[in-house]
Amino acid sequence: MSSSDDDGPDSEAANDFLSVSEELEGFLMLYRFGLEEMMTKVNILKQELTHTASYDCPIEHVTFRLKRTTALAEKARRLGCTSLEDVRELVSDIAGIRVVCSFVSDAYTVLEMLQRQPDVRVVQIKDYIADPKPSGYKSLHLIVEIPVFLSDRTERVRVEIQIRTVAMDFWASLEHKIHYKYQRAVPERLRDELAGVAAATDRLDQQMEQLHRDSRGTRESRDPATR
């Protein structure tokens, strides 16, 4: 093959694509590092609290995800992003962590613990527990910036953290599956049923919270070691 064939339009397009792909890969790598850093912090809290006899661990389980390239491209398009800097500024959920708790009070306890981390900068808090979305969705949303220490510089990476109860998580998972099946055009009947289940979920959380408080009060009054 001649050199002219290598330098043709197709070769230039391939080089451009490779350059963009490498830039995107490096961009997402930073978010993967940020996710790992934040997951380490959450897991340390979970393990510490699990092994502290005087405290019931508020964290049931933790999951995480890095947004897929196709999903990121679609959201960037919707938001009108024209560069990776736009994406960095406008897309806050590229890296995400979900912390699931047993009780509503535990969700707020975890929120306070994360806010006290000295190297974590809180960018935004949305309290969808106190102020649910119209659909009935409830959760705490926390956007933080965490430092990622590279070989030649330090980058601050945003991570979204969702904190919710087991009941809230089950409802949100169901809602997501229904919205995915109907491509967000959910029939009114199903929307009404989801709202009804959300109300029932809220009542369940309140009842579980009260039982939790009652059991702790009974235990503490009878156990001399806790006085």
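The values are calculated or read from the model by the stated rules, or taken from the named source; none is laboratory data. No experiment lies behind these values; they were computed from the predicted model shown. Cβ sites come from the backbone with ideal geometry, for glycine too, and all protein chains shown count toward neighbours.
Here residue 180 passes the criteria (1) surrounded by 15 or more Cβ atoms within 10 Å (Cβ to Cβ); (2) within 24 Å of the chain's Cα centre (by Cα) except the one numbered (1). Can you tell me which residue is surrounded by the most Cβ atoms within 10 Å (Cβ to Cβ) among those in segment 102-118 that are touching a helix residue (DSSP H, G or I) at 6+ places or on another chain (Cβ under 9 Å) and under 26 Å from residue 155 (Cβ atoms)? Top of the filtered list is 110.
Residues in segment 126-170 that are touching a helix residue (DSSP H, G or I) at 6+ places or on another chain (Cβ under 9 Å), part of a strand (DSSP E or B), free of Cβ contacts under 8 Å to residues at least 40 places away in the same chain and within 14 Å of residue 99 (Cβ to Cβ): 140, 142. Report, by residue number, each residue of segment 196-227 that is at pLDDT below 90 and within 23 Å of residue 162 (Cβ to Cβ). Once the filter is applied, which keeps residues that are at pLDDT below 90 and within 23 Å of residue 162 (Cβ to Cβ), segment 196-227 yields only 212. Within segment 15-55, which residues are at pLDDT below 75 and surrounded by 11 or more Cβ atoms within 10 Å (Cβ to Cβ)? Correct list: 15, 20, 21, 55. Please determine, by comparing only the residues of segment 89-101 that are farther than 11 Å from residue 160 by Cβ and in contact with a helix residue (DSSP H, G or I) (Cβ under 8 Å, 6 or more places away or on another chain), which one is surrounded by the fewest Cβ atoms within 10 Å (Cβ to Cβ). This residue is 90.
Within segment 183-198, residues that are crowded, with 16+ Cβ neighbours inside 10 Å sit with their Cβ atoms under 7 Å from residues that are part of a loop (DSSP other than H, G, I, E, B), at 6+ positions apart or across chains, in these pairs: 194/135; 194/136; 198/136. Within this structure, residue 82 passes the test of being surrounded by fewer than 18 Cβ atoms within 10 Å (Cβ to Cβ) and more than 30 Å from residue 213 (Cβ to Cβ).
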